[in-house]
Amino acid sequence: MRHADLVARLSVDEKISLVSGEGYWHTRGIERLGIPALHLTDGPHGVRRLADTSKSSDFAGVLPATAFPTASLLAASFDPDLAYEEGRALGEEGRSLGVDLLLGPGVNIKRSPLCGRNFEYFSEDPLLSSAMGAAWIKGLQSTGTGASLKHFAVNNQERNRMSIDAIVDPRALREIYLAGFEDAVKEGRPATVMAAYNRVNGDYCCESEFLLGKLLRDEWGYEGLVVSDWGATDDRLRGLLAGCDLEMPDGGLGRSRQLRSALESGRLDGSILDRAVDRVVDLALRLADKQGISAHEGGVAGEFAAAHHDLARRIALESMVLLKNEGGILPLASGTPVALVGELARSPRYQGAGSSSINPTRLESLLDALKEAAIPFDFEPAYSLDQDRRDPSMEASALALAARTGASGGTIIYCVGLPPIFESEGFDREHLDLPANQLALFEGLEKACPRLVVVWSGGSPVSTNWIHHARAFLAAYLGGQAGGPALRDLLFGRANPAGKLAESWPLRIEDTPAYGNFSGPGTRVLYKEGIFVGYRWYASSGRPVRFPFGFGLSYTDFVYRDPILEKRVIAAGESVHLSFEVANVGPRGGKEIAQVYLAFPESGIERPAISLAGFRKVELSPGESARLDLVIGPRELRYWDVDEERFLVESGPVVVRVGPSSADLPLEALLHVEGGSAPSRSRPLLAFDGHPSSMSEADFALRYGSAPPPALPRLPFSLASTLGDLAEDSAPLRLIAKIIVAVQTKGSGAKKGEANHRMMEKMVGEMPIGRFEAMSGDRVGPGFLSALVDLGNRHPLRALLGFLGLKRRPPKS
């Protein structure tokens, strides 16, 4: 232990208090021993500091801070240096606001485009996710602000996120879902790792000895603190034994009594508690040194506001992705008549909804940016953002404007996207489509004005069945508070698009690998697609996509040539240098993101057709070329051997492929690995026949290695049942649940009809009953919660005794 002397001076009650938060946003301090309390707050795209930190969540009382582009856009830069800059800026703002620990980054894999929280995650690829996440962590922590790497692990959906059991086979778990965390932990060295809400292969993440002990501590050598997600703790004793050091928020009196009883009975060894306390103390002493730092209670101070707004604009500029540019319609020439159509041009979707909602220091829309640059334009809103119902009057005005613009040879910039109510933390999307009131206008706008440019905003791909109506398509994702000026500069050629997709854009939801196994129903979800996530699935199955992973256009042209491997043959465990040349053969300067993929044509195990092994970003003037170099080593060549339970490198040929996207790889070089493994075929190769959704549970068990953990029975109800489950079968419980949801939602400050309001309703309705004691700050006691369960199980007398506060045996959880 680092602070054994200090820990030894603590009383048992003080020790127990330290492994639980104080309120919602602070750790506990022990003043007599100089142990400070820490201030924690949400991120990861801005510092979400509440003016009143005694509140659990207050969407109306957030101090101003810079709203940076979300991870879904930042990842499209393929630029870890840019991620470092964003992290550093967030750390500076955190320190200026008196925040010690920012809850981010999120490096969960984008398993399905329907996940409501995809905007907060980087990519469908673990190598890109970890590179961006590690750089972000380093930038943040260079300021003395701590990071909290989340959500560990396999947190890939919002529906029933507090109880769902993600059943994942060993190779997919190691090679896809844990790989991003592994490198972010080893390279970024985050101050904390946040254990997720969900279960993985039967165990809650906060109670998983495999995740928190064997993997994180023993294999990866992590020495920091593990904190629960807010309200993720089911059994505090099990969590502490597994290695979850700090429960957030305040676990309440029930948790304290549980730990004291466990100590007295011997079920909890004092050394285990001391270990967790030592980590909490170490974190507090390291992060709370605010010497020379003054907190600004009114929000981010002017010293940062202007500079960070400019940084937010630059990140958006470097990351937005040009996906179509028919006939070179972009960039728009100076003097071209322009009309903006779409409410999103005036009211931008610049951030995600939920716990990462930021109160920006300023907000510039595309409409604002055109005004600022004195670019003449006309505008019609065309649709409403608070619903998807069509408005004939608004549509008629938009089409009339399009006709006038078309008659003058002008261009329509049609701004579309996902309103917050369609996409948020707390719930998953139901389909890939844009809102109906936006879809309705494509055909009419094109007929009236053939020069139609579409700008899309959102956190995750949408169906693009309308793409043939557009001459150009620019994906802005969620561009932060300065997204408007970035869009203007790209559309009018003040800057050259450089972003590339960090995720595949499917043609249909039915084509996605998780279709049929996302996001339920029930209490478990089978990851039948295994390692075939994102582009790995599309490249291996031959299924077409609308836009492939790594794709993005520029206003100039690049060519690739002359790949050279330092060696043609390497031993397993060795690395090899690859170099190749990229040349700008177009008319203007630009940046290119070169990508390197590996293929294993004679592998004895299931492998995807390609997997990302590295990338390089280079800026080139017209006529300029550069030779790029990267290293391919065991990390890129490895696979998880399910029999030996470790990573191995396989002997045999490896095809190294290089190009501008996963679907365009013009360069190849052949590498041969010697002295590696020859995978046994003790487990059968599971060739795809159709789609993973058609895989039987028996075949899935072969991949999984055994029969997967069964789904939890819905009945009888227990403290692990959700409020929504109980309300389904009982009119009185429906009324009680409605009241609880209303009270919790009202307290958040979210307005009815907003995404944050819907998020709160979903979160409360899907929360396991046993979590309400901690999440309510002890306002709801265990007797009341047990009585709810008894009422659901048709035990009215026992329920009445519970409501009256009489002692009785609580139901099992």
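The values are calculated or read from the model by the stated rules, or taken from the named source; none is laboratory data. Everything quoted here is computed from the prediction, not taken from an experiment. Using ideal geometry, Cβ is built from the backbone for each residue, glycine included, and neighbour counts are taken over all protein chains shown. Surface accessibility is based on the protein's heavy atoms, side chains included, excluding ligands, DNA and RNA. Shrake-Rupley method; radii C 1.70, N 1.55, O 1.52, S 1.80 Å.
Suppose we filter 398, 382, 339, 345 for residues that are within 24 Å of residue 67 (Cα to Cα), of a type in the set (Gly, Ala, Ser), in contact (Cβ under 8 Å) with a residue 40 or more places away in the chain and crowded, with 19+ Cβ neighbours inside 10 Å; which single one remains? Steps first, answer last, please.
Values: 398 fails: within 24 Å of residue 67 (Cα to Cα); 382 fails: within 24 Å of residue 67 (Cα to Cα); 339 fails: within 24 Å of residue 67 (Cα to Cα).
Going through 398, 382, 339, 345 in turn, just one is within 24 Å of residue 67 (Cα to Cα), of a type in the set (Gly, Ala, Ser), in contact (Cβ under 8 Å) with a residue 40 or more places away in the chain and crowded, with 19+ Cβ neighbours inside 10 Å: 345.
Taking residue 735 and the conditions (1) at pLDDT 80 or above; (2) over 26 Å from the mean Cα position of the chain (by Cα); (3) surrounded by 16 or more Cβ atoms within 10 Å (Cβ to Cβ), which numbered condition does it fall short on, given that it satisfies the others?
The single condition residue 735 does not satisfy is (3).
Which of the residues spanning the range 782-792 are surrounded by fewer than 21 Cβ atoms within 10 Å (Cβ to Cβ) and in contact (Cβ under 8 Å) with a residue 40 or more places away in the chain? Before the answer, list the steps.
Filtering the range 782-792 down to residues surrounded by fewer than 21 Cβ atoms within 10 Å (Cβ to Cβ) leaves 782-784.
Answer for the range 782-792, where residues must be surrounded by fewer than 21 Cβ atoms within 10 Å (Cβ to Cβ) and in contact (Cβ under 8 Å) with a residue 40 or more places away in the chain: just 782.
Of everything in the range 537-560, what is more than 28 Å from residue 317 (Cα to Cα) and either more than 24 Å from the chain's Cα centre (by Cα) or open to solvent by less than 30 Å² (accessible area, probe 1.4 Å) (or both)? Give them in sequence order.
At the first step, the residues of the range 537-560 found to be more than 28 Å from residue 317 (Cα to Cα) are 537-544.
Hits for the range 537-560 are 537, 538, 540, 541, 542, 543, 544.
When you check residue 46 against the structure, is it under 23 Å from residue 421 (Cβ atoms), of a type outside the set (A, V, I, L, M, F, W, C) and open to solvent by 10 Å² or more (accessible area, probe 1.4 Å), yes or no? Break it down into steps so the answer makes sense when it comes.
Details: under 23 Å from residue 421 (Cβ atoms): yes; of a type outside the set (A, V, I, L, M, F, W, C): yes; open to solvent by 10 Å² or more (accessible area, probe 1.4 Å): no.
No, not satisfied.
Do you know which residues across the range 484-501 are out of contact with any Gly (no Cβ under 8 Å at 6 or more places or on another chain), under 20 Å from residue 78 (Cα atoms) and open to solvent by less than 10 Å² (accessible area, probe 1.4 Å)?
Passing the criteria: only 490.
Being touching a helix residue (DSSP H, G or I) at 6+ places or on another chain (Cβ under 9 Å) and either on the phi > 0 side of the Ramachandran plot or surrounded by fewer than 24 Cβ atoms within 10 Å (Cβ to Cβ) (or both) is the requirement here; does residue 149 meet it?
Working: touching a helix residue (DSSP H, G or I) at 6+ places or on another chain (Cβ under 9 Å): yes; either on the phi > 0 side of the Ramachandran plot or surrounded by fewer than 24 Cβ atoms within 10 Å (Cβ to Cβ) (or both): no.
Spelling it out, it is not the case that residue 149 is touching a helix residue (DSSP H, G or I) at 6+ places or on another chain (Cβ under 9 Å) and either on the phi > 0 side of the Ramachandran plot or surrounded by fewer than 24 Cβ atoms within 10 Å (Cβ to Cβ) (or both).
Limited to the range 505-530, what total is found for residues that are in contact with a helix residue (DSSP H, G or I) (Cβ under 9 Å, 6 or more places away or on another chain) and open to solvent by less than 10 Å² (accessible area, probe 1.4 Å)?
Adding up the residues that qualify gives 7.
Mind listing whichever residues of the range 240-259 are open to solvent by less than 30 Å² (accessible area, probe 1.4 Å) and in contact with a Phe, Trp or Tyr (Cβ under 8 Å, 6 or more places away or on another chain)?
Taking the range 240-259 and keeping what is open to solvent by less than 30 Å² (accessible area, probe 1.4 Å), we get 240, 242-249, 251-252, 254, 259.
The answer is 248, 249.
Can you find even one residue in the range 712-726 that is touching a strand residue (DSSP E or B) at 6+ places or on another chain (Cβ under 9 Å) and surrounded by fewer than 18 Cβ atoms within 10 Å (Cβ to Cβ)?
There is at least one residue in the range 712-726 that is touching a strand residue (DSSP E or B) at 6+ places or on another chain (Cβ under 9 Å) and surrounded by fewer than 18 Cβ atoms within 10 Å (Cβ to Cβ).
Scan 80, 69, 113 and give me the residue that is open to solvent by 10 Å² or more (accessible area, probe 1.4 Å) and under 24 Å from residue 421 (Cβ atoms).
Values: 80 fails: under 24 Å from residue 421 (Cβ atoms); 69 fails: open to solvent by 10 Å² or more (accessible area, probe 1.4 Å).
Of 80, 69, 113, the one residue that is open to solvent by 10 Å² or more (accessible area, probe 1.4 Å) and under 24 Å from residue 421 (Cβ atoms) is 113.
Return the total of residues in the range 10-52 being out of contact with any strand residue (DSSP E or B) (no Cβ under 9 Å at 6 or more places or on another chain), assigned to a loop (DSSP other than H, G, I, E, B) and either among the polar types (S, T, N, Q) or closer than 23 Å to residue 263 by Cα (or both).
1
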